[in-house]
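A short worksheet on the structure shown next.
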Amino acid sequence: MHGFALFPSTHALIGFSLELVASPPARGPGTRERMVGKFHSQFLKNSAVTTPRGFCARRGSLVRSVRQPTSLLERTIKDPSRMPLHLFQPTVNSTLSQLRSATVVAHRKLEEQIDAVAGFADPTRRQDLIRRFASFQLPAEAALAPHLQAVPELDWARRRRAALFPPSIRTRSLPPFPSPTNLAEALGMLYVLEGSTLGGHVIIRNLRKAGSECASLAFLDPYGPETGRRWRDFIDVLERATSSERARIHACKGAVLAFDHATSVLCGARA
């Protein structure tokens, strides 16, 4: 995409090869296995994820054995939300690093389809974009509240942005947000929402430089100069609440689901 995305990358995006699903492999012994290995090597590069059983690889190394069914990799490329939990297996003691690695595909998919700066700067597109962001944010807050409102030091009430949208939008029937199954999954979803405030802060700054009116876009930058501190506070809570391996797995699943839903709502045919 061009311009600034609402969800800016805070990690180097990994180049994924779509050759495996774009064209059938040539005939020959081991050809398909080599192609799967090439894809998985790219997935592992610069990341710190444990490979599923059957893949023998380390960070920066080549895949030495490939026994995972190719169909699983193909399904994952086409629909990241269907990635099995064991592909999110963490190997480093940081939930944030695992979230960054797990959401690479979903993040890229969204960034390629939306240019928020250009959209909000265009008077003919602004209202539709506002409705789309409300259709993502408001149901997300409603779905996450039961899991997050009592989390110590999260300050959930101040992280809600529903009141920053026009009343006419808040009373509409909006598409449902995926329901988290536990606290860790909810925090993974909140990682996507809170991450959008980082992108929103940059979007508002660039719109103001271009002379665009921003009063109706307060939901993009709810924290203003406190954006960085609020993000660090959230990460502190996230790391404490997802200190176990299982919790990190669920946090990554939640983040991917949230990114996938954001793409559907923000870029789909109808908001």
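The values are calculated or read from the model by the stated rules, or taken from the named source; none is laboratory data. Since we're looking at a predicted model, the values are computed, not measured. Don't worry about glycine lacking a Cβ; one is built from the backbone with ideal geometry, like all the others, and counts go over all protein chains shown.
So, Arg126, is that one over 24 Å from Arg230 (Cβ atoms), modelled with pLDDT of 55 or more and in contact with a Leu (Cβ under 6 Å, 6 or more places away or on another chain) or not? Working first, answer last.
Numbers: over 24 Å from Arg230 (Cβ atoms): yes; modelled with pLDDT of 55 or more: yes; in contact with a Leu (Cβ under 6 Å, 6 or more places away or on another chain): no.
In short, no.
Hand me the list of helices (runs of 4 or more DSSP H) wholly inside segment 118-200 holding 1 or more residues that are among the aromatic types (Phe, Trp, Tyr) and in the same structural domain as Ala247 (by TED's automatic domain parsing).
Correct list: 123-148, 156-159.
I need a count of the residues in segment 183-211 that are crowded, with 19+ Cβ neighbours inside 10 Å and touching a Cys at 6+ places or on another chain (Cβ under 8 Å).
Total satisfying the criteria: 3.
Among Ala247, Ala210, which is touching a residue at least 60 places away in the same chain (Cβ under 8 Å) and either under 20 Å from Thr95 (Cα atoms) or not assigned by TED's automatic domain parsing to the domain that holds Pro123 (or both)?
So the residue among Ala247, Ala210 that is touching a residue at least 60 places away in the same chain (Cβ under 8 Å) and either under 20 Å from Thr95 (Cα atoms) or not assigned by TED's automatic domain parsing to the domain that holds Pro123 (or both) is Ala247.
Looking at segment 212-227, which of the residues that are within 22 Å of the chain's Cα centre (by Cα) and of a type in the set (A, V, I, L, M, F, W, C) is surrounded by the most Cβ atoms within 10 Å (Cβ to Cβ)?
By that ranking, first place goes to Leu220.
Hey, does segment 171-183 have a residue that's within 20 Å of Ser264 (Cα to Cα) and of a type in the set (A, V, I, L, M)?
Yes: segment 171-183 contains one or more residues that are within 20 Å of Ser264 (Cα to Cα) and of a type in the set (A, V, I, L, M).
Anything in segment 108-117 that is charged (D, E, K, R) and in a helix (DSSP H, G or I)? List them, or say none.
Of segment 108-117, the ones charged (D, E, K, R) are 108-109, 111-112, 115.
Residues satisfying the conditions are Arg108, Lys109, Glu111.
Could you check segment 132-158 and list, in sequence order, the residues that are within 18 Å of the chain's Cα centre (by Cα), among the charged types (D, E, K, R) and under 23 Å from Glu239 (Cβ atoms)?
Scanning segment 132-158 gives a single hit, Glu141.
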